[in-house]
Amino acid sequence: EGVPTTLKRSGSDYSATIIAKLLQASKITMWKNVDGIYTADPRKVPDAFPIKSLMYEEAMELAYFGASVLHPSAMQPCIEGAIP
């Protein structure tokens with residue numbers, strides 16, 4: 001009790017999606033230091049390209065398997081609130 005903590009990896013994203021769900025937002029935008037979600041890490045795969053659209057499940061799977069631009073937990077409130 002009374003011990004400070006951090007939001008951990010993507011904690012702010014998770015908080016944002018919870019708030020969006022509670023406010024019944026029509027959409028949520030995450031500002032990142034990359035231009036979207038790519039087919040592979042563009043630093044390692046020169047031919048990687050941005051994915052135009054994803055289903056929730058696809059985004060969660062990519063996040064689970066290492067797409068650091070997303071955190072799987074941050075997707076759950078979006079799914080529950082049907083927020084794109």
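The values are calculated or read from the model by the stated rules, or taken from the named source; none is laboratory data. What you are looking at is a predicted structure, and each value in this text was computed from that prediction instead of being measured. These accessible areas exclude ligands, DNA and RNA; they are computed on the full protein's heavy atoms, side chains included. Shrake-Rupley method; radii C 1.70, N 1.55, O 1.52, S 1.80 Å.
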Next item on the list: Calculate what fraction, in whole %, of the accessible area of the range 19-60 sits on carbon and sulfur atoms when a 1.4 Å probe is rolled over the protein chains.
Entry: 57 percent
Checklist line | Amide proton proximity set for Tyr38, modelled H, under 5 Å, gap of 5+ | finding: Ile51
Notebook entry, point to check: Of (i) 10.1; (ii) 6.9; (iii) 6.3, which one was derived for mean projected area of the Cα convex hull in nm² from the structure shown?
Noted result: (ii)
Notebook entry, point to check: Given the protein chains as shown and a 1.4 Å probe, how many square angstrom of Glu58 are accessible, to the nearest 10?
Noted result: 90 Å²
Checklist line | Estimated [θ] at 222 nm from DSSP helical runs (n ≥ 4, -39500 (n - 2.57)) normalised by residues in the chain, nearest 500 | finding: -11000 deg cm²/dmol
Margin query: I'd like to check one number: the per residue accessible area of the chain, probe 1.4 Å, reported in Å² as a whole number.
Written below: 79 Å²
Next item on the list: List the relative contact order of the range 22-71 as a percent without decimals, with contacts defined as Cα pairs under 8 Å and 6+ residues apart.
Entry: 28 percent
Notebook entry, point to check: Counting only the heavy atoms of the protein chains, how much of Val45 is accessible to a 1.4 Å probe, in Å² to the nearest 10?
Noted result: 60 Å²
